[in-house]
Amino acid sequence: MAKANVHFDTMKNWSDEDLTALLDTADLLKSKNTRNTSAFGKVLGLLFFNPSLRTRVSFEVAAAHFGATTSIISPGQGSWTLETRTGAVMDGNKTEHIKEAVQVLSRYCDAIGVRAFSTLRDRDADESEFILNQIIQYADVPVINLESAMEHPCQGMADWMTFRQLMGKQNLKEHKLVLTWAPHPSALPQAVPLSVLEAGIRAGLQVTLACPEEMIPSTQYMHRFNQLANIGGIPLIIEKKQSKALSGADIVYAKSWASGLVYENPLLEKQLRTKTYRNWTLDGEKMSLTNQARFMHCLPVRRNVVVTDHVLDAASAAHIQQAENRLHVQKAILMKLWNLSF
Amino acid sequence: MAKANVHFDTMKNWSDEDLTALLDTADLLKSKNTRNTSAFGKVLGLLFFNPSLRTRVSFEVAAAHFGATTSIISPGQGSWTLETRTGAVMDGNKTEHIKEAVQVLSRYCDAIGVRAFSTLRDRDADESEFILNQIIQYADVPVINLESAMEHPCQGMADWMTFRQLMGKQNLKEHKLVLTWAPHPSALPQAVPLSVLEAGIRAGLQVTLACPEEMIPSTQYMHRFNQLANIGGIPLIIEKKQSKALSGADIVYAKSWASGLVYENPLLEKQLRTKTYRNWTLDGEKMSLTNQARFMHCLPVRRNVVVTDHVLDAASAAHIQQAENRLHVQKAILMKLWNLSF
Amino acid sequence: MAKANVHFDTMKNWSDEDLTALLDTADLLKSKNTRNTSAFGKVLGLLFFNPSLRTRVSFEVAAAHFGATTSIISPGQGSWTLETRTGAVMDGNKTEHIKEAVQVLSRYCDAIGVRAFSTLRDRDADESEFILNQIIQYADVPVINLESAMEHPCQGMADWMTFRQLMGKQNLKEHKLVLTWAPHPSALPQAVPLSVLEAGIRAGLQVTLACPEEMIPSTQYMHRFNQLANIGGIPLIIEKKQSKALSGADIVYAKSWASGLVYENPLLEKQLRTKTYRNWTLDGEKMSLTNQARFMHCLPVRRNVVVTDHVLDAASAAHIQQAENRLHVQKAILMKLWNLSF
């Protein structure tokens, strides 16, 4: 197995062929509602530095469908708090170093999933994927990224699966995806929007990012996405006027994220996110500007802040289907990493 | 399958025939200590808004005995906090709406158990089973009530199973069950006492409720129980003098619950519960008034507040057997909802 | 089965023959990476009064490798808080008595593991193993000690397994084990060092305990270890000069623990542990005094307080191997207690 496929840490290390093969497997797993004993006796460790509903439950269920088991580790909640700084003199409130924790989990588990959100305080640590990369360095078993500082590849794959279901997998180039920023009471990481952009571009959709100037995500990541889009022949469009962006959209993906200003000026960032751009909430009137678009969101979603009840409760909303797809893509990922067969 | 049997949400929707068939199955499961693979690959989601020992562990074990798996979701403890109000503008501290959470869990799990205790602050929400009914509305898979605002049907069924074991299932009409109120430092919901009354009446026992005037449970529920008892030909007796109630009892079930005054005057309610009626603690002297009665309690129990060590540690106490029966009735419920065979 | 082998509560109740047979099984389990269905349908309850990483995950994995399931109970975290005092009037903040909790878990689970650390406040309760012994008294199924006040037998067995791997199981009498005390910001129990001493002595190693005078562990336990060592013909040496102790060592086991002064004078104890003896940190210079010794620690370890990065990251460090051995000895223990076959 090529190094690139040892871990499911970033979509970047997996070719389009690899990822579409995973999606084809996921389609099959969903249609067959597959449950077998192919991973009996295997254990998937799931290390959560942050809360989770869908990710945790869908991986527990994915494992169970193959006869495998999960072990949930939440540092500081029944388990030891973890130090991540190299060379630290550990005389404070952190009980164990991540270096030991990950090496030990590697000896117990057959793969390790890890969720370590963006700090939103240390840009360098976030953009260099400091925690995820330490874990990969110390692990002797496959690592699955359950949302790192800058990426949520399992979400990206579930979204790609949903794009194919909603628009047909042969015709994606003819359809327009709009990822629109939305207000939110909390500063949220950019991992999901970055993965949505990568999935949309690599799926071949016409991708428009609708957001205020200050909300344009990480320059480094946007640079790569522009290159990817240009190679695909469909440039990535950034549109600061929401209504203009929505015109002709076939899929509208709403999501809030914090401006990069959060690192330098969190008070200003909050002001922009909750007050200045409060009118970016997606509602029925805005949806009427689209080409009868389907609605997507990664969940959890703040009703009537990110998007109105009207949009979420309409037949065009696909957010539950999208969440369900998490299960099926993750089963495909486990099959690949553990070399399971049907 | 008739609509009534889709969920195990309330004993009300299940006929006496259905429930006694479940108890017969539970008896068989207990005698055979059944473990098989009939539910291999299935996952039972367990959503806990409140703490649990017996309910959680007994469902984990019940599932495991059939080869199934559980996934525990505790909003706010590793998982997102959940909003339950319809139409809420979610700009506060609740991260996800129960509408999305339950729909998503329905796509992952093969059944969902939910524990959502009484609020003891909003009588209308409690008496209308606001949260449980939302969950049933949003779920596409069977829902099991793990104690809602006004009912604990799994406890009721375990208690009914215990009544049959203690008194013989042919002779229940000849035996007297006394459910006696007891003091407690905390205001507790009425779900358990209401389920005990329903189970006792439907089991055909002579049921006496012993409690101070202010502790008589919800009028709406008591009205239904009086009707049920009258149909069965053995009226439900309410007795405000504990010693009189205990006379001739074959089973004494002790339990504390909050007076309905808790909604309007929580300070007065506390005064009654902890001071005025402090002498309602069940002790050996009171037990000597009975017909050598067996003792029951749903657990957890406050020793020497609800009931003395003397009563709990005597051979006549059946509270551990009663707790064990939770496992077996729940295995029978899973068999029914999942259509499993021996 | 002899009473002594009903529980895995203390190494004391198991003969050298029994324990070395367990280690031989563990060696085989490790070399074969055994996974089978021999315990399918069984449930191991794990009751944690204190945090855990290795112990919890390694038992979850051990059970899964045999097709069994675990149920984790953490009093006060999703489960009820537990009262342990006999005769208590439970009108405070403890919701359930351990007497009921353990009896009930015995009816659900096929074995119960329990972690209840030393109080470090009540010497009598600690030295008499008050909580562990209550649990054994109330349990009807095998009890496994996951670290009690004064003992951590699963750790002791993993350490013994590691001694055999590092030095060869035929030649242990020719090798010197030094257990050296180390500073730490928190007062830690003596359970691990006491189990290390017992394992080292019973393995037949030449054991030296290196610690400041005030850190010599419990008199009662040290008395028993001196007897054990004398019976084996290799006296237990206590050395208050760390450099002298390390000379000629083949294995250096570093560990911090609180002085027994913690019961009478916690402030003085803290002063000794964090300031007076701060220079007991194990570093590369000290390791150079040894016979190219291998390094061991039970984990979690405070880097650069207990031991330096240099020692932990060197090829001579065996702490990860030691942690892995937890899994294999615990699988051997489950096989013994549940009478499983390969």
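General observations
- The range C:91-200 shape via C-alpha gyration tensor axes, a/c threshold 1.5: oblate
- Along each principal axis, taking the top coordinate minus the bottom one, the Cα set of the range B:104-169 gives 43, 33, 12 Å in descending order.
- What the Kirkwood sum gives for the range B:261-305 is a hydrodynamic radius of 12.7 Å, with every pair of different alpha carbons counted.
- Average projection, convex hull of the Cα set of chain C: 17.0 square nanometres.
- Averaging 1/r across all pairs of distinct Cα atoms in the range B:186-338 and inverting the result yields a Kirkwood radius of 16.5 Å.
- Inter-chain neighbour count for C:322-328: the average number of beta-carbon atoms from partner chains within 10 Å of each residue's beta-carbon is 3.
- Inter-copy label distances at A:Asp140, shortest first and taken from points set 7 Å along Cα to Cβ: 4.3, 4.3 nm.
- Within chain C, helix-based [θ] at 222 nm, where runs of 4 or more DSSP H residues each add -39,500 (n - 2.57), nearest 500: -11500 deg cm²/dmol
- Each label was represented as a point 7 Å from its Cα along the Cα-to-Cβ direction; for C:Thr37 and B:Asp24 these points are 3.1 nm apart.
- Ordered from highest to lowest accessible area with the whole protein assembly present and a 1.4 Å probe, A:Glu269, A:Glu239 read as A:Glu239, A:Glu269.
- With a cut-off of 10 Å between beta carbons, the residues surrounding A:Pro142 carry a summed charge of -2, where Lys and Arg count +1 and Asp and Glu -1.
- Solvent-accessible area of A:Asp309, all protein chains in place: 40 Å² (probe radius 1.4 Å, heavy atoms, ligands and nucleic acids excluded).
- The magnitude of the dipole of the range C:70-182, with charges of +1 and -1 set on the Cβ of Lys/Arg and Asp/Glu and taken from the Cα centre, is near 420 debye.
- For C:Met157, solvent-accessible area (1.4 Å; no DNA, RNA or ligand), Å²: 0 Å²
- Taking the Cα atoms of the range A:24-83, the ratio Rg/Rh between the radius of gyration and the Kirkwood radius comes to 1.08.
- Anisotropy class of the range C:146-254 from Cα gyration tensor, a/c 1.5 cut: rounded
- Translational D in µm²/s for the protein assembly as shown (Stokes-Einstein at 25 °C, 0.890 mPa s, Kirkwood Rh from C-alpha pairs): 79 µm²/s
- Exercise: per-residue mean of other protein chain Cβ atoms within 10 Å, C:80-90: 4
- For chain C, the relative contact order is 19 percent, taking Cα pairs closer than 8 Å that sit 6 or more residues apart in sequence and dividing their mean separation by the residue count.
- Cβ-based net charge around A:Leu29, under 13 Å, with every Lys or Arg adding one and every Asp or Glu removing one: +3
- Here the Karplus curve 6.51 cos²θ - 1.76 cosθ + 1.60, taken at θ = phi - 60°, turns the phi angles of the range C:168-175 into couplings of x, 6, 8, 10, 4, 5, 8, 10 Hz, with x standing for Gly and Pro.
- Exam field: B:Arg85 pseudo-label spacings to other copies (7 Å along Cα-Cβ), nanometres: 4.2, 4.2
- Within the accessible area of the protein assembly as shown, the carbon and sulfur atoms contribute 49%, probe 1.4 Å, all protein chains present.
- The range A:202-292: relative contact order as a whole-number percent, Cα under 8 Å and 6+ apart: 33 percent
- Positive minus negative residues near C:Trp160 (Lys, Arg vs Asp, Glu; Cβ under 13 Å): -2
- In the range B:126-266, a dipole from Cβ-located charges (positive for Lys and Arg, negative for Asp and Glu) runs towards its positive end, and of B:Thr208, B:Asn171, B:Leu132 it is B:Asn171 whose Cα lies farthest in that direction.
- For B:Pro266, inter-copy label distances in nm, listed shortest first [label point 7 Å out on the Cα-Cβ vector]: 3.2, 3.2
- Shape of the range B:276-342, Cα gyration tensor, a/c cut at 1.5: prolate
- Taken across both chains, chains A and B shield about 2900 Å² of accessible surface from a 1.4 Å probe.
- When chain C is treated as a GNM with alpha-carbon contacts under 10 Å, the residue of C:Asn93, C:Asn304, C:Asn171 showing the greatest mean-square fluctuation is C:Asn93.
- A 1.4 Å probe run over the protein assembly as shown, with the rest of the protein chains in place, finds 35 Å² accessible per residue.
- Counted residue by residue at 0.36 nm each, then reduced by the alpha carbon distance between them, the extension gain from C:Tyr263 to C:Asp124 reaches 49.0 nm.
- Set of the range C:249-275 residues, backbone N closer than 12 Å to the point 7 Å along the Cα-Cβ line of A:Asn93: none
- C:Lys32 accessible area, 1.4 Å probe, all protein chains in place, Å² to nearest 10: 120 Å²
The values are calculated or read from the model by the stated rules, or taken from the named source; none is laboratory data. These numbers come from a predicted model, not from an experiment. Positions of Cβ are generated from backbone atoms using ideal geometry, with glycine treated the same way; all protein chains shown enter the neighbour counts. Ligands, DNA and RNA are stripped out before the accessible areas are found, and what is left, the full protein with its side chains, is counted by its heavy atoms. Shrake-Rupley method; radii C 1.70, N 1.55, O 1.52, S 1.80 Å.
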